[in-house]
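So the structure is just underneath, and the comments pick up after that.
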C-alpha cells in the first residue's frame, strides 16, 4: 500500500457526510503531525478533491469528487436500466424510491427518485446506509454470504433503539427475506422512517442491487398495493438486466 495515497483516502473518508474539519482535527483523527496533514490537504485541494471554507480554516469535500462520482454512477448498468422503472414506481406509490448496492460493508444509494408530491426533499444519491439497519441492506445481506461475514465481523451499531443488533435475530430476519424476496425496516436507522425493499437480479442470477421505497413508520403501512408495485418493478429491472429468473434462488 502506498502510504501517501492511503492517508489521502483516509482524509476524504473523514470529510464524508458534509463534515467540516480543520488541520488539527484531521491530524488528531489520523494520528499524524499537523504539518504532514497540511501538505496532504493542500495537494488534495489543488486537484479539487478538498475545498477550504470561504471564511474559515476548516476543509470540506471538493467539487472534483462530484464529477468522479457521476462518472462512476454512469458506468453502472443496473442504475441506467432502473431510472424509468423507479420513476414509475415513485409515481404509482407516491413514495420515494432508492436503488442501493453493497459498498464497504454499507449500502451505497446509487439512485434516488423523490416523492412526486412536490415537497422539498434532500437528494439521497451517493449517501450510504447501514446494511443491518436498512431494508436495502437486509436484501443485500440475505443473498451475499461474503457481505454478511463482513458486517457480522463487527458489533452491530444501535442507531435508534429499534435497530436489530443481535446477530441471531438478524440471521432470522435474513432467512425470511430469502423466503419472501422482501425486506422491511421500521425506524432502525432514522426515527419515524420505515422502508421496504426487494432484490434486483443480474444476468448471472445473483442479486446485484436492492430496490426500495421509503415511507413513514410503520412499514406495514405500505400495504399490499405498494408491495406489489415494488416487487413488479424489481422483477422488471431484473428482466431488463437479463436475469434468468425472479425472485432469486436462496443461497
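Every number in this text was worked out from the coordinates using simple rules, so none of it is lab data. Only a predicted model underlies this, so the values are computations on that prediction, with no experimental measurement involved. Reconstructed Cβ throughout: ideal geometry from the backbone, glycine too, with neighbour counts over all protein chains shown.
Quote the relative contact order of the chain in percent (integer), defining contacts as alpha-carbon pairs under 8 Å separated by 6+ residues. Across the chain, relative contact order equals 15 percent.
Listed highest first by mean packing, meaning other Cβ atoms within 10 Å per residue, what order do 93-99, 161-167 come in?
Values: 93-99: 23.4, 161-167: 13.4.
Result, highest mean first: 93-99, 161-167.
Under a GNM of the chain (C-alpha, springs under 10 Å), which listed residue has the highest mean-square fluctuation: 92, 114, 13? Residue with maximal mean-square fluctuation among 92, 114, 13: 13.
Placing pseudo-labels 7 Å out from each Cα toward the beta carbon at residue 58 and residue 149 gives an inter-label distance of 4.0 nm.
Restricting the calculation to Cα atoms, the stretch 115-251 yields a radius of gyration followed by a Dmax of 14.7, 42 Å. Remark on the stretch 56-185: hydrodynamic radius 16.4 angstrom, per the Kirkwood mean of 1/r across alpha carbon pairs.
Under the definition of Cα pairs under 8 Å and six or more residues apart, what whole-number percent is the relative contact order of the stretch 1-149? In percent, rounded to a whole number, it is 13. Per-residue ellipticity at 222 nm from helix content only, as computed over the chain with -39500 (n - 2.57) for each DSSP H run of at least four residues, stands at -13000 deg cm²/dmol. Considering every Cα-Cα pair within the chain, what fraction, in whole percent, is farther apart than 28 Å? Value for the chain (Cα pairs over 28 Å): 40 percent. Per-peptide packing, taken as the mean over residues of other Cβ atoms within 10 Å, places 56-65, 233-242, 194-203 in the sequence 194-203, 233-242, 56-65 from highest down.
Classify the stretch 164-239: rounded, prolate or oblate, from the alpha-carbon gyration tensor (a ≥ b ≥ c, eigenvalue square roots; a/c under 1.5 rounded; otherwise prolate if a/b is larger than b/c)? Provide the component values of the computation, followed by the final result.
Details: a/c = 2.15, a/b = 1.26, b/c = 1.71.
It comes out oblate by the Cα gyration axes.
I need the shape label for the stretch 1-47. Rule: rounded when a/c is under 1.5, else prolate if a/b > b/c, else oblate, with a, b, c from the alpha carbon gyration tensor. Cα axes put the stretch 1-47 in the rounded bin.
Applying 1/(1 + (r/R0)^6) with r as the Cβ-Cβ distance of residue 239 and residue 127 and R0 = 22 angstrom yields a FRET efficiency of 0.20.
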